[in-house]
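Trainee: I am attaching a structure below and will ask some questions about it afterwards.
The values are calculated or read from the model by the stated rules, or taken from the named source; none is laboratory data. Keep in mind it's a predicted model, so treat the numbers as computed, not measured. Every residue, glycine as well, gets a Cβ built from its backbone with ideal geometry; the counts of neighbours run over all protein chains shown. Ligands, DNA and RNA are stripped out before the accessible areas are found, and what is left, the full protein with its side chains, is counted by its heavy atoms. Shrake-Rupley method; radii C 1.70, N 1.55, O 1.52, S 1.80 Å.
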Amino acid sequence: MKNTVSTLLAQKQSGDKITMLTAYDFTTARIMDECGVNAILIGDSLGMVMLGYDNTLPVTMEDMIHHTAAVSRGAQNAFIVADMPFMSYQVSVQEAVINAGRLIKEGGANAVKLEGGAEVCEQIRAIVNASIPVVAHLGLTPQSVNVFGGFKVQGKNISNAKKLIEDSLKIQEAGACAVVLEGIPAQLAQIITNKLLIPTIGIGAGNGCDGQVLVYQDMLGLTTGHTPKFVKRFAEAGEVMRKGIAEYISETKEGSFPAPEHTYAIDEDVIAEIKKEYE
Ligand code: KIV
């Protein structure tokens, strides 16, 4: 059954944890959907894990629409949330509504996500007024990497923690249907979760949130190098891929692939005639 805004809200109310993962393509989205994940986020993290940028800032609306449309074709039941990329909603409320509309119309998303608190409430209100559900995003918001001076945990001092609580109430009041809490202390996320009527979905925010989200390359062990503290590697899919690719290279080089079962046959009399003329 299709997950909707109401499903996520009902899950908060009943204590059934919301599961969300990122996906950026048809095949991955289909697997996640078949596994029964509640929501799929086409995160602008695609700039890093799919396109190889250092951060999410270069991601364009065209990138987001392209990947959102692929995911929407792959997922029947998951609630599809598409990230609004950097500078697609900050400049004006009008641009924010137009761009949110494109992610729904051209990408097939069910909701959009944007980063920020009080400063984006006008945009949230206008997008919701256009009948588009909005997921807010607070805490370590990656589009503010240059303001934070790196990917740093937020809400650790009193004023910052208070601002996050105030912001969460403001985005709820503006009409957000859920909020992603990223990179904040677990106890603070728990306070926000208890205060809000809308679901909180945490990443690096502890298990007191109403749900969790992870970047799939991180949780399936596809990424190399530094793994952030909040990531659990639920599988080592990178190892499985490396092994398969190494076997393909070795069998191709030694000639054991393709084997007869991977090969098309031709009638003996046809090939005999061809050989007579060409060999
Ligand atoms: O872009 C993204 O993948 C995200 C998640 C980390 C929440 O915003």
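Trainee: Ordered by residue, what ³J(HN,Hα) values in Hz, to whole numbers, does segment 182-190 give under the Karplus form 6.51 cos²θ - 1.76 cosθ + 1.60, where θ = phi - 60° and Gly and Pro are x?
Mentor: Listing the rounded values in order: 10, x, 9, x, 4, 5, 5, 4, 5 Hz.
Trainee: Quick check: net charge around residue 20, other residues with Cβ under 14 Å of its Cβ, Lys/Arg +1 and Asp/Glu -1? Kindly include the intermediate steps, with their values, before the conclusion.
Mentor: Details: positive: 12, 17, 113; negative: 16, 33, 83, 182, 210, 218.
Neighbour charge sum, excluding residue 20 itself: -3.
Trainee: Which part of segment 45-60 falls in the paramagnetic zone of residue 152, meaning amide N under 20 Å from the point 7 Å along Cα-to-beta-carbon?
Mentor: Residues passing the 20 Å test: 55-57.
Trainee: Continuing with the same structure: With a 1.4 Å probe and all protein chains left in place, how much accessible area per residue does the chain have, in Å²?
Mentor: I get 53 Å² per residue for the chain.
Trainee: Could you compute the net charge surrounding residue 146? Neighbours are other residues with a C-beta less than 14 Å from the C-beta of residue 146; K and R count +1, D and E count -1.
Mentor: On the way: positive: 152; negative: 54, 115.
With Lys, Arg at +1 and Asp, Glu at -1, the net is -1.
Trainee: Among the chymotrypsin sites (Phe, Trp or Tyr not before Pro) in segment 228-279, which ones are in a DSSP loop with at most 15 other Cβ atoms within 10 Å of the Cβ? Mind listing them?
Mentor: Details: sites: 230, 234, 248, 264, 278; in loops: 230, 234, 264.
Those satisfying the criteria are 234, 264.
Trainee: Something else: If R0 is 51 Å, what FRET efficiency do you get for residue 254 and residue 160 from their C-beta distance, rounded to 0.05?
Mentor: Details: r = 60 Å, r/R0 = 1.17.
The calculated FRET efficiency here is 0.30.
Trainee: Among 268, 166, 34, which one moves the most in a GNM of the chain with springs linking Cα atoms closer than 10 Å?
Mentor: Highest fluctuation of the listed residues: 268.
Trainee: Tell me, how many Å apart are the Cα centres for segment 142-174 and for segment 26-50?
Mentor: Using only Cα atoms to place each centre, the spacing works out to 26 Å.
Trainee: Would you calculate the convex hull of the Cα atoms in segment 222-279 and tell me its volume per residue in Å³?
Mentor: Numbers: hull volume 7.5 nm³, N = 58.
Convex hull of Cα atoms, per residue: 130 Å³.
Trainee: Using +1 at the Cβ of each Lys and Arg and -1 at the Cβ of each Asp and Glu in segment 5-235, identify which of 43, 216, 230 lies farthest towards the dipole's positive end.
Mentor: Farthest towards the positive end: 230.
Trainee: Could you list which residues have their amide H under 5 Å from that of residue 3, counting only those 5 or more apart in sequence or on another chain, with H placed in the peptide plane?
Mentor: The answer is 78, 79.
Trainee: With loop defined by DSSP as not H, G, I, E or B, and exposure as at most 12 other Cβ atoms within 10 Å, which is the longest segment of the chain clear of exposed trypsin sites (Lys or Arg not before Pro)? If you can, show how the numbers build up before the last one.
Mentor: Details: sites that count: 2, 152, 156, 229, 232.
Answer - 3-151.
Trainee: With +1 assigned to the C-beta of every Lys and Arg and -1 to the C-beta of every Asp and Glu, and no other charges, what is the dipole magnitude of the chain about the Cα centre in debye, to the nearest 20? Can you show the working numbers first?
Mentor: On the way: 23 positive and 32 negative charges, 343 e Å.
It works out to roughly 1640 debye.
Trainee: Using a probe of 1.4 angstrom, how much of the accessible area of the chain is carbon and sulfur, in percent?
Mentor: Details: 8390 of 14690 Å².
In the chain, the share of accessible area belonging to carbon and sulfur is 57 percent.
Trainee: On alpha carbon coordinates alone, what is the Rg over Rh value for segment 121-279, Rh being the Kirkwood radius?
Mentor: On the way: Rg = 26.9 Å, Rh = 20.0 Å.
Reported Rg/Rh, Kirkwood definition of Rh: 1.35.
Trainee: Further, regarding this structure: May I ask which residue of 82, 179, 108 lies farthest towards the positive end of the charge dipole of segment 5-235, with charges of +1 (Lys, Arg) and -1 (Asp, Glu) on Cβ and the Cα centre as origin?
Mentor: 179
Trainee: Using r as the Cβ-Cβ distance of residue 106 and residue 232, and R0 as 45 Å, what FRET efficiency do you calculate, to the nearest 0.05? Walk me through the numbers before you get to the answer.
Mentor: Working: r = 34 Å, r/R0 = 0.76.
Rounded to the nearest 0.05, the efficiency is 0.85.
Trainee: Now for a separate question. As a quick test, which of the pairs 163/229; 12/113; 152/195; 105/195; 2/170 have an alpha carbon distance above 22 angstrom in this structure?
Mentor: Numbers: 163/229 24 Å; 12/113 19 Å; 152/195 24 Å; 105/195 33 Å; 2/170 29 Å.
Among 163/229; 12/113; 152/195; 105/195; 2/170, the Cα-Cα distance tops 22 Å for 163/229; 152/195; 105/195; 2/170.
Trainee: For a quick check: with amide H placed at 1.01 Å from N, whose amide H comes under 5 Å from residue 38's, ignoring anything fewer than 5 positions away on the same chain?
Mentor: The answer is 19.
Trainee: Estimate the FRET efficiency between residue 91 and residue 129 by the formula 1/(1 + (r/R0)^6), using the beta-carbon distance for r and 22 Å for R0, to the nearest 0.05. Write down the numbers at each step before the final one.
Mentor: Values: r = 18 Å, r/R0 = 0.84.
Step by step, r from the Cβ atoms, then E = 0.75.
Trainee: Compute the distance from the alpha-carbon center of segment 184-211 to that of segment 115-137, in whole Å.
Mentor: Each part reduced to its Cα centre gives a spacing of 19 Å.
Trainee: Same structure, new question: Any chance you could run the full-extension gain for residue 276 through residue 243? It's 0.36 nm times the residue separation minus the Cα-Cα distance, nm to one decimal.
Mentor: Details: separation 33, 0.36 × 33 = 11.88 nm, distance 4.32 nm.
Answer, rounded to one decimal: 7.6 nm.
Trainee: Also, quick follow-up: What is the sum of charges around residue 268, taking Lys and Arg as +1, Asp and Glu as -1, for the other residues whose C-beta is under 15 Å from the C-beta of residue 268? Provide the component values of the computation, followed by the final result.
Mentor: On the way: positive: 275, 276; negative: 267, 269, 273, 279.
Every neighbour counted, the sum reads -2.
Trainee: In segment 5-235, how does Rg compare with the Kirkwood Rh, expressed as the Rg/Rh ratio over alpha carbon atoms?
Mentor: Details: Rg = 16.0 Å, Rh = 17.3 Å.
That ratio equals 0.92.
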